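**Student:** One structure, as structure tokens, below. Some questions next.
The values are calculated or read from the model by the stated rules, or taken from the named source; none is laboratory data. This structure is a prediction, so every number in the text was calculated from the model and none was measured. Note that we place each Cβ from the backbone using ideal geometry, even for glycine, and neighbour counts take in every protein chain shown. When the accessible area is computed, the model is the full protein with side chains, heavy atoms only, and any ligands, DNA or RNA have been set aside. Shrake-Rupley method; radii C 1.70, N 1.55, O 1.52, S 1.80 Å.
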Amino acid sequence: MAIELKMPALSPTMEEGKLARWLVKEGDEVKSGDILAEIETDKATMEFEAVDEGTIGRIVVAEGTEGVKVGTVIAVIGEGDVAAPAAAPAAAAPAPAAVAAAPVAPKAPAKPEIPAGTNMKHSTVRDALRDAMAEEMRRDPRVFVMGEEVAEYQGAYKVTQGLLQEFGPKRVIDTPITEYGFAGIGTGAAMGGLRPIVEFMTFNFAMQAIDHIINSAAKTNYMSGGQMRCPVVFRGPNGAASRVGAQHSQNYGPWYANVPGLIVIAPYDASDAKGLLKAAIRSEDPVVFLENELVYGRTFELPELDDHVLPIGKARIMREGKDVTIVSYSIGVGMALEAAETLAAEGIDAEVIDLRTLRPLDKETVLASLAKTNRIVVAEEGWPTCSIASEIAAIAMEDGFDDLDAPVVRVCNEDVPLPYANNLEKAALIEPSRIVAAAKKVCYR
Amino acid sequence: MARTGKTQNPTPTADTTGNSGLDHLQQAYEANRLYAATDDELLHFYEQMVLIRRFEERAGQLYGLGLIGGFCHLYIGQEAVAVGIQSALKEGHDSVITGYRDHGHMLAYGIDPKVIMAELTGREAGISRGKGGSMHMFSTSHKFYGGHGIVGAQVSLGAGLAFSHQYNEDGGLCVAYFGDGAANQGQVYESFNMAALWKLPIIFVVENNQYAMGTAVRRSSAETHFHKRGTAFTIPGMDVNGNDVLEVRSAANIAVEYVRAGNGPVLMELNTYRYRGHSMSDPAKYRSREEVQDMRDHHDPIEAAKIELMKRGVAEDKLKEIDKKIRQIVSESADFAENSPEPALSELYTDVLVETY
């Protein structure tokens, strides 16, 4: 009887991959443990092993094929026919809701930071981040990157891919698994005059190091009366990924945004990821740069500029509207934009603001939008209590009370540790339909 | 001069690092315990130690008068450590970092006592413009990087400073001072590992003053011989009498030479004693008056230096002259600190960030 070999999911967030190489051919005998193929995911190149014995009957997906969806039959062991492979990768099964946002972001209103007429190319957020680091490392010999698996492994999420090859082991440094220690070393190196980029494999692990981020990096300039500079960037993925459980799924934006002395940036698209990371590396202040694993692989427009640097502390109007303001950041922006499309179909014209920087927070942009729409919904992939959403609500009340025609509504994750089960996780996280419902509520519709 | 061992533990001279190959620096130190200081050098060490002692005594008084607030940790009794080690460094080239008991290190580095005292009283003329206080003082021009209040944090930060010396290939090294209490923090060992792995130019200095706040070493530490604690990371250890400035200097020279040659880190344990409480609010219920008095009478670093100077034939008048000069300096720094204005209220909002966004 034929056994179908399917494209494996090799990471929690993998949806598709490239079938890089077949190590067997039709007619080969294989047994459990034999390596059949090499599969390249967005994170790494992995070996695909046989778990069954038999003869390779047919290879269905040729090597070199990109965008092979997880679950696609790629080969058959034994005799018998299988269904023809999917004609094109794009035709495969729909992705989960959170990731279903358009792979290419909708056209945004012109941003003052990008000159009119700039050519745009397409880039993933992952590549944009890598390019930002590479450009800054070429520009300034003091810039180096350190963290777990940043060098030889090419980045746990492939964000530092290729940096070791270009800059060598002196500037692309694999650390032991020792977050508290290497965060301290990175902070100390910044005090010593270097420009470290400290990568945390995820910000969940930065909890081990949070003392250096807050007590050592954020406060020393103040405590020293302005003598001690600490131009370090702490970066890495933040927030929920996909079914990795409570300890690997938390949004630390509100935590760090609470701390004077820190700059906190949480970009959404590729242009902001690149432009703001370059600004973060150049900043004289310590920066916490919060990325999102689920967004790494998304493709957006990226301006083709020699030196694309964006201002820190400025929000961006992603979509103009007049009926309700949806404020968000990071992955929530994609959901807010999707919600805005749904609302538009129902006659509600939503304005979507991407905060981009959580500290210092661009109050003016939020308040100006409130003055126009008179209604605010905040969409945040994170817990509701003491959140960025809470802060926006406070700002709206303190500084925009007279403009409010309805109470501010927070759309956040459920107030529970993130569960593992597929249905429970989905129920705990924000999604566009909840933003839609909240927007209707504040519009009394 | 008298050899001072740990008060709570037998003197560990016989069982130094134990691990083969990691006690060569200790052997070099044992073979040459006393630095051959000239009379002038020893007089200078004496003067610096007296400055620290008198300065700290005055700080204690000002604290009692309410002129100094918050936490104030005095260095009295430990003077030979900072003075002996700092004297082996290249000033303005090598980096130094320590914890919150930092006044002594700054004075040993030649930083103006006036701006230190004015920081203690929280005045605008203070070295941190009144925003740091006793625990948070820095002088980047001296490459003195603080002044850190979280126990053990300076060890990782110091490894980072050493990293920057290595990265810049400037030939400098870092000395990271920490206490026997900090020596039990996890990040200390994370830093040992990376420092040894990357051969960072750093000297880890454990100032073992026998008590972590009120907890005696034997009550907090399974391995009380702190110089051995680098063995798991292949870091050579040195067990040094921290109450004798010439022994400290001799050991420091050996460590500095080894680290500067690119061999990676050294772990020095400086056995010393703090006469005063952990901080000004320490009730000192955890040790006897007799124990403190015994250390003062028999193992005092300033007394030891004085005896050595007299033995060498330096006139007692000369020492009295130094004492008088120091009293004058300390008095002036206290006056300066008392009479300087507090920071302007607008300073509340400055130095939070360097740039404007």
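**Student:** Give me the net charge of B:GLN154's neighbourhood, meaning all other residues with Cβ under 13 Å from the Cβ of B:GLN154; Lys, Arg count +1, Asp, Glu -1. Let's see the in-between values first.
**Tutor:** On the way: positive: B:ARG101; negative: A:ASP211, B:ASP102, B:GLU207.
Combined, the nearby Lys, Arg, Asp and Glu give -2.
**Student:** Next question. Scan chain A and report its longest stretch carrying no chymotrypsin sites (Phe, Trp or Tyr not before Pro) that are both in a DSSP loop and have at most 14 other Cβ atoms within 10 Å. Don't skip to the answer; put the middle values down first.
**Tutor:** Details: sites that count: A:TYR420, A:TYR444.
In chain A, the maximal stretch lacking such sites is A:1-419.
**Student:** Something else: Can you compute the modelled spin-label distance between B:GLU57 and A:LYS170, with each label point 7 Å from Cα toward Cβ, in nm?
**Tutor:** 5.2 nm
**Student:** Can you compute log10 of I(q)/I(0) for segment A:314-445 with the Debye formula, treating each Cα as one identical point scatterer, at q = 0.12 Å⁻¹?
**Tutor:** -0.40
**Student:** Determine ³J(HN,Hα), in whole Hz, for all residues of segment A:321-332 in sequence, where each value follows from phi through the Karplus function 6.51 cos²θ - 1.76 cosθ + 1.60 and θ = phi - 60°; x replaces Gly and Pro.
**Tutor:** Each residue of segment A:321-332 in turn: x, 10, 9, 7, 9, 10, 9, 7, 7, 6, 4, x Hz.
**Student:** Then there's this: Which net charge results when you count Lys and Arg as +1 and Asp and Glu as -1 among the other residues whose beta-carbon is under 11 Å from that of B:PHE144? The partial results should precede the final answer.
**Tutor:** Values: positive: B:LYS143; negative: B:GLU91, B:ASP94, B:ASP102.
Taking every other residue near B:PHE144 into account, the sum is -2.
**Student:** To continue, here is another question. So what's the angle, to the nearest 10 degrees on a 0 to 90 scale, between helix A:125-139 and the longest Cα principal axis of chain A?
**Tutor:** The angle comes out near 70 degrees.
**Student:** Cα-Cα pairs above 39 Å in chain B: how many percent? Present the calculation step by step, with values, prior to reporting the outcome.
**Tutor:** Numbers: 6927 of 63546 pairs.
When every Cα pair of chain B is considered, 11 percent fall beyond 39 Å.
**Student:** Got a number for carbon plus sulfur as a percent of segment B:79-199's accessible area, 1.4 Å probe? Write down the numbers at each step before the final one.
**Tutor:** Numbers: 1330 of 2840 Å².
Solvent-exposed carbon and sulfur of segment B:79-199 make up 47 percent of the total.
**Student:** Let me ask something additional. In segment B:29-131, which trypsin sites (Lys or Arg not before Pro) fall in coil by DSSP and have 14 or fewer other Cβ atoms within 10 Å?
**Tutor:** On the way: sites: B:ARG33, B:ARG53, B:ARG54, B:ARG58, B:LYS90, B:ARG101, B:LYS114, B:ARG123, B:ARG129, B:LYS131; in loops: B:ARG33, B:LYS90, B:ARG101, B:ARG123, B:ARG129, B:LYS131.
When the trypsin sites (Lys or Arg not before Pro) of segment B:29-131 are filtered for loop state and at most 14 Cβ neighbours within 10 Å, B:LYS90 remain.
**Student:** Quick one: if the Förster radius is 35 Å, what FRET efficiency do B:ALA232 and B:LYS285 give, using the C-beta to C-beta distance and rounding to 0.05?
**Tutor:** With a Förster radius of 35 Å, E is 0.50.
**Student:** Turning to a different aspect of this structure: Between A:ARG319 and residues 5 or more places away or on another chain, which pairs have amide H atoms under 5 Å apart, with H built 1.01 Å from N, and which residues are they?
**Tutor:** A:VAL352
**Student:** About the Cα centre of segment A:115-261, what is the dipole size in debye to 20, counting +1 per Lys and Arg Cβ and -1 per Asp and Glu Cβ, all else neutral? Numbers along the way, then the final one.
**Tutor:** Details: 14 positive and 13 negative charges, 67 e Å.
My answer is approximately 320 debye.
**Student:** Continuing with this model, one more query. Relative contact order of segment A:3-80: what whole-number percent is it, with Cα pairs under 8 angstrom and at least 6 residues apart? Don't skip to the end; give the middle numbers.
**Tutor:** Details: 184 pairs, mean separation 32.1, N = 78.
Computed value for segment A:3-80: 41 percent relative contact order.
**Student:** Okay, next question. Tell me the label-point distance for the pair A:GLU304, A:LYS25, using the 7 Å Cα-to-Cβ offset, in nm and rounded to one decimal.
**Tutor:** 4.2 nm
**Student:** Also, I was wondering about something else. From the phi angles alone, apply the Karplus equation (6.51, -1.76, 1.60; θ = phi - 60°) to segment A:226-241 and give each ³J(HN,Hα) in whole Hz, x where the residue is Gly or Pro.
**Tutor:** For segment A:226-241, the Karplus-derived couplings read x, 7, 9, 7, 9, x, 10, 10, 9, 9, x, x, 9, x, 5, 9 Hz, x marking Gly and Pro.
**Student:** Normalised by the number of residues in chain A, what is the relative contact order in percent for Cα pairs under 8 Å and 6+ residues apart? Walk me through the intermediate numbers first.
**Tutor:** Working: 993 pairs, mean separation 55.5, N = 445.
Averaging sequence separation for qualifying contacts and normalising by length gives 12 percent for chain A.
**Student:** What residue among A:ILE197, B:THR272, A:PRO141 has its Cα farthest toward the positive end of the dipole of the protein assembly as shown, where the charges are +1 on Lys, Arg and -1 on Asp, Glu, each on the Cβ?
**Tutor:** Checked the options; the winner is B:THR272.
**Student:** May I pose another question? In whole Hz, with x marking every Gly and Pro, tabulate ³J(HN,Hα) for segment A:269-276 from phi via Karplus 6.51 cos²θ - 1.76 cosθ + 1.60, θ = phi - 60°.
**Tutor:** For segment A:269-276, the Karplus-derived couplings read 9, 5, 4, 5, 4, 6, x, 7 Hz, x marking Gly and Pro.
**Student:** In debye, nearest 20: dipole of the protein assembly as shown around its Cα centre with unit charges on the Cβ of K, R (+) and D, E (-)?
**Tutor:** For this selection, approximately 1420 debye.
**Student:** In deg cm²/dmol, rounded to 500, what helix-only [θ] at 222 nm does chain B give when every DSSP H run of at least 4 residues adds -39500 (n - 2.57) and the total is split over its residues? Display every interim value, and only then the final one.
**Tutor:** Values: 12 runs with 149 residues, N = 357.
Computed ellipticity for chain B at 222 nm equals -13000 deg cm²/dmol.
**Student:** Pull out a ≥ b ≥ c, the square roots of the eigenvalues of the alpha-carbon gyration tensor of chain A, then state rounded if a/c is under 1.5, prolate if not and a/b is larger than b/c, and oblate in the remaining case.
**Tutor:** Working: a/c = 1.99, a/b = 1.32, b/c = 1.51.
Because a/c hits 1.5 or more and a/b fails to exceed b/c, chain A counts as oblate.
**Student:** Which shape class, rounded, prolate or oblate, goes with segment A:120-303 when its Cα gyration tensor gives a ≥ b ≥ c as root eigenvalues, a/c under 1.5 marks rounded, and past that a/b bigger than b/c marks prolate?
**Tutor:** Numbers: a/c = 1.40, a/b = 1.21, b/c = 1.16.
Note, shape of segment A:120-303 comes out rounded.
**Student:** In addition: Modelling each spin label as a point 7 Å along the Cα-to-Cβ direction, I'd like the A:ALA62/B:LEU197 distance in nm, to one decimal.
**Tutor:** Result for the modelled spin labels: 4.5 nm.
**Student:** Follow-up question, since we're still on this one. Against the empirical 2.2 N^0.38 Å scaling, what ratio does the C-alpha Rg of segment B:246-344 come to?
**Tutor:** Details: Rg = 19.3 Å, N = 99, 2.2 N^0.38 = 12.6 Å.
That ratio works out to 1.53.
**Student:** Just flag the trypsin sites (Lys or Arg not before Pro) in segment A:318-397 sitting in loop per DSSP whose Cβ has no more than 15 other Cβ atoms within 10 Å. Don't skip to the end; give the middle numbers.
**Tutor:** Details: sites: A:ARG319, A:LYS322, A:ARG356, A:LYS363, A:LYS372, A:ARG375; in loops: A:LYS322, A:ARG356, A:ARG375.
Qualifying residues, ordered by number: A:LYS322.
**Student:** What is the local net charge at A:PRO12, summed over the other residues whose Cβ is closer than 13 Å to its Cβ (Lys, Arg +1; Asp, Glu -1)? Could the numbers behind the result be given before it?
**Tutor:** Working: positive: A:LYS43, A:ARG243; negative: A:GLU15, A:ASP42, A:GLU293, A:GLU425.
The answer is -2.
**Student:** Sticking with this structure for a sec: Using a Förster distance of 30 Å, how high is the FRET efficiency between B:ARG327 and B:ILE307, based on the Cβ-Cβ distance and rounded to 0.05?
**Tutor:** Details: r = 21 Å, r/R0 = 0.70.
It comes to 0.90.
**Student:** If you don't mind, another one. Of the residues A:VAL60, A:VAL409, A:VAL327, which exhibits the maximal mean-square fluctuation in a Gaussian network model of chain A defined by a 10 Å Cα contact cut-off?
**Tutor:** Judging by the Gaussian network model, the answer is A:VAL60.
**Student:** Related question: Under a 5 Å amide H to amide H cut-off, with H placed in plane at 1.01 Å, what residues pair with B:ASN243 once short-range neighbours are removed?
**Tutor:** Under 5 Å from the amide H of B:ASN243 lie the amide H atoms of B:THR4, each far enough along the sequence or on another chain.
**Student:** Also, I was wondering about something else. Taking H as built 1.01 Å from N, whose amide H comes closer than 5 Å to the amide H of A:GLN250, not counting residues under 5 places away?
**Tutor:** Counting only residues 5 or more places away or on other chains, the set is A:GLY239, A:ALA240.
**Student:** Tell me the relative contact order for chain B as a rounded percent, counting alpha carbon contacts under 8 Å between residues six or more apart. All intermediate terms of the calculation are to be shown ahead of the outcome.
**Tutor:** Numbers: 702 pairs, mean separation 93.2, N = 357.
Reported relative contact order: 26 percent.
**Student:** List for segment A:221-241: residues with 50 Å² or greater reduction in accessible area, all protein chains versus chain alone, probe 1.4 Å?
**Tutor:** The answer is A:TYR222, A:MET223, A:GLY225, A:GLN227, A:MET228.
**Student:** Let me ask another. Taking each residue of B:141-148 in turn, how many C-beta atoms of other protein chains fall within 10 Å of its C-beta, and what is the average?
**Tutor:** Details: counts 1, 0, 1, 1, 7, 7, 4, 4.
Rounded to a whole number, the mean comes out at 3.
**Student:** Same structure, new question: Based solely on its DSSP helices, what 222 nm [θ] is calculated for chain A when runs of n ≥ 4 H residues each add -39,500 (n - 2.57) and the sum is averaged over all residues, nearest 500 deg cm²/dmol?
**Tutor:** Values: 12 runs with 116 residues, N = 445.
Theoretical 222 nm ellipticity from helices: -7500 deg cm²/dmol.
**Student:** Project the alpha carbons of the protein assembly as shown onto their principal axes and report the range along each, largest first, in whole Å.
**Tutor:** Over the protein assembly as shown, Cα extents along the principal axes are 102, 74, 49 Å.
**Student:** About the Cα centre, and with charges only on the beta carbon of Lys, Arg (+1) and Asp, Glu (-1), how big is the dipole of segment B:39-334? Nearest 20 debye, please.
**Tutor:** Using only the charged Cβ atoms, the result is roughly 640 debye.
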